[in-house]
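One structure is given here, and the rest of the page talks about it.
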Amino acid sequence: GLGQKCAARSILYTRDAICTLNTLQTNASALEQVRRERCNPQVQLQAMRGFLERAGITVEELDHLNIIHVTGTKGKGSTCAFTEQILRSYGFCTGFYSSPHLVQVRERIRINGQPIGKELFTKYFWQVYGRLYETKDAHGGTMPAYFRFLTILAFHVFLQEKVDLAVIEVGIGGAYDCTNIIRRPWVCGISSLGIDHTQILGDTTEKIAWQKGGIFKSGVPAFTVKQPEEAMAVLKDRAKEISCPLWVCPELEDYKADCGPLHLGLAGKHQRSNASLALQLSHTWLQKRCLPGGIECYVLVQCMVSGLAETEWHGRNQTLKHGAVTYFLDGAHTMRSMQACLQWFTETAAQHERNWHIEVFAGFIFFLFPFVSIQPCHFDFAVFCPNITEAITSCNADQQNFNVSVENMLTRCLDNERSWRLHHSLGDNQGTQLLIEGGLPLISEKKADTLVFPCILSALQWITQGRDAVLAAKGVLAVKPNIAAKAALLRSAAEIHVLITGSLHLVGGALKHLDPESSK
């Protein structure tokens, strides 16, 4: 009927919008823009202002979005999720901009905790894209790159939808990130700092702290969690230089909750510092908005307690149970985050130890990880695959990444598998065992067999051996006889535990298959 035709047309227009958005990953002017600005990062914010104006948005309008601006190396997304949920618990209409997305690009721009709908996304996408496209000839043919465009789109959506506040997560760094076009946030936050994106931010904690402290604004309160000594010194210097009042968050145990025990909706001990930062950010925002001289920042009222408990943030310390198969998903991609992930996995898996006797590790582990961090865990298999959702041509446009070639992904995947074998003293059929003879100690007496698959779906289907009805419904992909023979242990196990980690993109590709609702 007419309703079905309208729905089909809406899906088509949305797909067209996403495919057009994806061209901004590869268009020549955008790539040249990125290369030029990497050498002169101050130019980034100047360019961002120009793109904003072409899209019909002024920086003065952003002043009225009542923004909470958050950066950090690890935990900034979780901090934003806690903060947004707390303030939504008070009844405010919230906007939330984050990256990357897991399954659908609309996840990056949320209203009241939910990704904006397809119709809303499509309407606002074409409004912004149209204005930029119509003015490109007068500006040297330039269009904003992918992340910059989505940031502009998020600002446009939040202004049009008249949210009460916007929680904005920094993309990379802070000082020269395009979200730093914000002039007057209500409060800023910095989560845990570490080494990441060294080519852009620098190769020391001090250099990275300098970049992160770039979101500080004169007279705007800022909070940070406890940091390494050298990083904290830089943050304090940056705050003093900018005339920004900076505070260190208390431990979560220091808060007084008069309305029952404190429970976090996000698993993992490392979430406790993120929760404390979120409490300080939301409390400061509330004080400026409607609680002058009100509640103490160490006393948790019901809305704060319930906000922390109700927070959801998929792909971060997430557990899914499908019958005999339990999946543990976390997008850890730095050494520190991997260590936190493994601690969470070890503790959580132990709680499921009633009638299972096998663990399976499925992950895309970056070869730069020190594999000593894997020591506490014992895996029967280490399964590697590229960030390719499935090996078919009709791939989901939301998960296409044209900035990394398939060849590059496959090469990295094979390098990671080789690194695992070397560091776990499994040897190598091509003579690489000579490199470790008498060298690296065994990680454990029980060595994980390694396998490489061409896509996420094929890896998941082999691991689960038809025991996950959600995956079985997709049809079973054929594998070589020697690979099928290795699965005897999987077929006989009472339960299978699968840890999926190493990349948020990998976790998103897995969720597309494991949680069909996430694709709707």
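Miscellaneous remarks
- Odd one out for SER99 among (1) farther than 27 Å from MET338 by Cα; (2) in a loop (DSSP other than H, G, I, E, B); (3) hydroxyl-bearing (Ser, Thr, Tyr): (1)
- Within segment 207-247, tally of residues that are of a type in the set (S, T, N, Q), farther than 18 Å from ILE181 by Cβ and exposed (fewer than 15 other Cβ atoms within 10 Å of the Cβ): 1
- Subset of segment 409-436 that is touching a helix residue (DSSP H, G or I) at 6+ places or on another chain (Cβ under 8 Å), part of a helix (DSSP H, G or I) and at pLDDT below 55 - its residue that is most open to solvent (accessible area, probe 1.4 Å): LEU435
- Filter result for ALA166 (of a type in the set (A, V, I, L, M, F, W, C), in contact with a helix residue (DSSP H, G or I) (Cβ under 9 Å, 6 or more places away or on another chain) and farther than 20 Å from ALA275 by Cβ): yes
- For segment 470-497, a residue qualifies if it is surrounded by 12 or more Cβ atoms within 10 Å (Cβ to Cβ), of a type in the set (Gly, Ala, Ser) and touching a helix residue (DSSP H, G or I) at 6+ places or on another chain (Cβ under 9 Å), and the qualifying residues are ALA472, ALA484, ALA487.
- In segment 108-120, residue most open to solvent (accessible area, probe 1.4 Å) [restricted to those that are closer than 19 Å to CYS178 by Cβ and of a type in the set (D, E, K, R)]: ARG110
- Criterion violated by GLY141 - all others in (1) open to solvent by less than 10 Å² (accessible area, probe 1.4 Å); (2) part of a loop (DSSP other than H, G, I, E, B); (3) over 30 Å from GLN280 (Cβ atoms) satisfied: (1)
- Only one of the numbered conditions (1) within 16 Å of ARG15 (Cβ to Cβ); (2) open to solvent by less than 60 Å² (accessible area, probe 1.4 Å); (3) charged (D, E, K, R) is violated by LYS123, and that is (2).
- Yes/no for PHE92 being in a loop (DSSP other than H, G, I, E, B), touching a residue at least 60 places away in the same chain (Cβ under 8 Å) and within 23 Å of ILE68 (Cα to Cα): yes
- Hey, GLU61 surrounded by fewer than 20 Cβ atoms within 10 Å (Cβ to Cβ) and touching a residue at least 60 places away in the same chain (Cβ under 8 Å) or not: yes
- Any pair with Cβ under 7 angstrom, 6 or more apart, that starts in segment 115-141 at a residue that is among the aliphatic types (A, V, I, L, M) and ends at one that is open to solvent by less than 20 Å² (accessible area, probe 1.4 Å) and assigned to a loop (DSSP other than H, G, I, E, B): VAL128/ALA55; LEU132/ALA55; LEU132/MET143; LEU132/PRO144
- Filter result for GLY171 (part of a loop (DSSP other than H, G, I, E, B), at positive phi and open to solvent by less than 40 Å² (accessible area, probe 1.4 Å)): no
- Here segment 248-283 is the region considered, the condition is being part of a strand (DSSP E or B) and either aromatic (Phe, Trp, Tyr) or modelled with pLDDT under 90 (or both), and the residue that is surrounded by the most Cβ atoms within 10 Å (Cβ to Cβ) is ALA257.
- Within segment 178-205, tally of residues that are buried (at least 16 other Cβ atoms within 10 Å of the Cβ), modelled with pLDDT under 90 and either among the small types (Gly, Ala, Ser) or not in a loop (DSSP other than H, G, I, E, B) (or both): 4
The values are calculated or read from the model by the stated rules, or taken from the named source; none is laboratory data. All figures in this text were calculated on a predicted structure; none of them were measured in a lab. We place every Cβ from the backbone using ideal geometry, glycine too, and count neighbours over all the protein chains shown. In case anyone asks, the SASA skips ligands and DNA or RNA and just uses the protein heavy atoms, side chains included. Shrake-Rupley method; radii C 1.70, N 1.55, O 1.52, S 1.80 Å.
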